[in-house]
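Taking it in order: structure first as structure tokens, then the write-up.
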Amino acid sequence: MTLERRVFDIRSIRRDFPILKREVHGKPLVYLDNAATSQKPVQVIAEITRYYRDTNANIHRGVHTLSQEATQQYEDVREQVRALIGGGRPEEVVYTSGTTMSLNLVARGWARHRLRAGDEVVLTEIEHHSNIVPWQQLRDEVGIVLRFIPMLADGTLDMEAARRLIGPRTRLLSVTHVSNALGTIVPVRELADLAHAQGALVCVDGAQSVPHMPVDVTELGADFLAFSGHKMLGPTGTGVLWARHEILEEMEPLFGGGDMILTVTLEESTWNEIPYRFEAGTPNIEGVIALGKAIDYLTALGMDAVRTHEVELLDYALRRLGDVPGVTLFGPPDAQRRGGVVSFDLEGVHPHDIGQVLDSHGVAVRTGHHCAQPVMAALRVPATARASFYIYNTPEEVDALAEAVSDAARFFGGPTTGAARGAAHGG
Amino acid sequence: MVGDAGGAGLDELYREIILEHYRSPRRKRHLEAPNRHADGSNPLCGDQIEVEAQVDDGRVADVGFTGQGCSISQASASLMSDYVVGKPVGDALAAVGAFQQMMTTGEAPAGVDLGDIEALLGVAKFPVRVKCASLGWKTLEQALKRGGDASEATPVTTDERSM
Ligand SMILES: Cc1ncc(COP(=O)(O)O)c(C=O)c1O
């Protein structure tokens, strides 16, 4: 594979990401931890500086020019987000600090007030902790019942079980679109149809899909969509909860304070319009405005092209890593059916040690449970190593990954591989 | 071979003694009649350990550990088990303190000769791995301090946070 064959010009993309020029331990950085957070292009980095140099002011509250400019720039991003995910109107876009806050807003702002004891929320075994813990908290508080669609051995969901679990008591289905631990693409539309047929709503965790592939809320059948700006070239502390307008209308704000009210007397207050009632206080203004540049960047490449690029890399990575003796790959074997994430382990070498050796090669991967301990339990492994790709990664970087993994195998295997295996998996 | 892995002080972390204890851990087994026991777990990295000890007349007559974890956690537990067997409980606890001091200062502790355990000195230069090296020791400390009945205790952890 060569750079020239790619769906877009990776060389010029890489020039936009200053951090990719870095060396780590004397080796060129190979950044393969994109599922945790993406790197940022100069366009996004420069926008943050531009904002503070030219525009900085608080929003929604000044007649002065700077405040109006800041407000305009901040508000314009809602339409960009809407266009990216196919929502109906820009007011359906609520800015949050990230997926975690978005999902908590669904749990606290919607479910807390709409669900009663005995109502069921259906989740899956492959959720990120942020789509499990808020529901457990609500279960303890309100008495809702949680049901989990199990994972099959290949990392896909047990759809037969899903058909049984989604029933007349189901009020909400909350599922990830793409598993951050395994890459599995969940058939959200099929599940959403089952849920809607029971009169339930559908919440989609798009943290690993919106940055990487075309996502359309109507096609998905989503009533809520949560995602993070920092995983899609934007700044940390930015995120979105999109929800259909009539659902936002029936939600309660999480926080009270400035900007979210219309009138306040000493006795009571009335809520501001949607979406402002969910955005109390001074928000991450420069983050949102820079997120707009991130969306520009992705849109210029085209989300179809982003996806095609990742599938090619993923397909290559599955083959290269699969050829390393001792490597076990987790998740669906077919690159078309997964996001750009490869979770693996190496016989006799703990993921933590894999990560350490890879780091010495300049290769950044994540090791551990990936905030998805139920997935680790289902796979019966304590942890995995995970490489995850994005627009700037190259086949040569996949080669560097595979070579570093082979080196880890040599390093820890040594003359007494058998004993090392016993040490890693024994007990 | 260490050079193969890219330098970066890897050879300081993975000293030959450590790799050797990882490949052939000592005392990695259950005891016949333990009267001390504690569990340790670092969920973030997936390290799990169970430490058992048999204490007779104030001496650590035997120690065993089981579980799974990275090379550093396994080698550290193996070196530790070898070291404390035969020592008075007070000395074993003092060794735990000396080890922890070594992890925070990056220097061999004065006044206690930890022998081969000093091979773990390099770990202090890799702050994220200190918790791996410390897990077995903190678990042993809990087992020895808690005495006989420890069945209800929550596992020891050296994870500073778990996401
Ligand atoms: C699938 C999934 N959901 C939720 C999250 C949480 O995102 P954040 O930490 O940005 O709130 C992540 C990120 O780690 C994720 O991968």
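Numbers below:
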item	result
J(HN,Hα) series, the range A:117-128, from Karplus relation 6.51 cos²θ - 1.76 cosθ + 1.60, nearest Hz, glycine and proline x	3, x, 5, 10, 10, 9, 10, 10, 6, 9, 6, 5
The range B:4-162: relative contact order in percent, alpha carbon pairs under 8 Å with at least 6 residues between	30
Rounded, prolate or oblate (a/c below 1.5 giving rounded, otherwise prolate when a/b exceeds b/c) for chain A by Cα gyration tensor	oblate
Reach of A:Lys21 by Cα under 16 Å, taken over lysines that are not fewer than 8 positions away in the same chain	A:Lys40
Pair A:Asp216, B:Lys145: separation of 7 Å Cα→Cβ label points (nm)	6.1
Between 0 and 90°, nearest 10: helix A:351-360 axis offset from chain A longest Cα axis	80
Principal-axis tilt of helix A:188-197 within chain A, Cα atoms, nearest 10 degrees	40
For B:Arg59, distant residues with modelled amide H under 5 Å away	B:Val89
Spin-label pair A:Arg189/A:Arg164, simplified geometry with 7 Å Cα→Cβ offset, distance in nm	2.7
Residue-averaged beta-carbon neighbours from other chains (10 angstrom radius) around A:370-380	1
Solvent exposure ordering (accessible area, 1.4 Å, most first) of A:Arg147, A:Arg380	A:Arg380, A:Arg147
Residue-averaged beta-carbon neighbours from other chains (10 angstrom radius) around A:403-409	1
Those lysines that a straight Cα-Cα span of less than 17 Å connects to B:Lys145, excepting residues fewer than 8 apart in one chain	B:Lys87
Å² of accessible area per residue within the protein assembly as shown, as computed with a 1.4 Å probe and no ligands counted	39
Residue-by-residue Karplus 3J(HN,Hα) for the range A:394-400, coefficients 6.51, -1.76, 1.60, Hz, glycine and proline x	10, x, 4, 6, 5, 4, 4
Positive-end extreme of charge dipole, the range B:4-162 - chosen from B:Val89, B:Val63, B:Val156 (charges on Cβ)	B:Val156
Helix A:303-322 axis, angle to chain A major axis (alpha carbon atoms, nearest 10°)	30
Of all accessible heavy-atom area on the range A:77-221, the percent that carbon and sulfur account for (1.4 Å)	48
Loop trypsin sites (Lys or Arg not before Pro), the range B:1-107, which have at most 15 other Cβ atoms in a 10 Å radius of their Cβ (DSSP)	B:Arg29
Only Lys, Arg (+1) and Asp, Glu (-1) charged, at Cβ; chain A dipole about Cα centre in debye	640
Span-like helix ranges in chain B, DSSP H, alpha carbon extent 18 angstrom or more, Kyte mean at least 0.0	B:71-84, B:89-105
Contact order relative to length of chain A, as percent, for alpha carbon pairs under 8 angstrom and 6 or more apart	21
Ranked packing of A:172-182, B:78-88, B:121-131, A:61-71, most packed first, by mean Cβ within 10 Å	A:172-182, B:78-88, B:121-131, A:61-71
Between the range A:332-382 and the range A:46-62, the Cα center-to-center distance that results, in Å	40
Shielding by partners - mean other protein chain Cβ count within 10 Å, residues of A:347-358	6
Potential lengthening between A:Arg89 and A:Gln136 on full extension [0.36 nm per residue; Cα-Cα distance subtracted]	13.7 nm
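The values are calculated or read from the model by the stated rules, or taken from the named source; none is laboratory data. No experiment lies behind these values; they were computed from the predicted model shown. Positions of Cβ are backbone-derived with ideal geometry, glycine not excepted, and every protein chain shown enters the neighbour counts. For the accessible areas, the whole protein counts, side chains as well, though only heavy atoms, and no ligand, DNA or RNA atoms are used. Shrake-Rupley method; radii C 1.70, N 1.55, O 1.52, S 1.80 Å.
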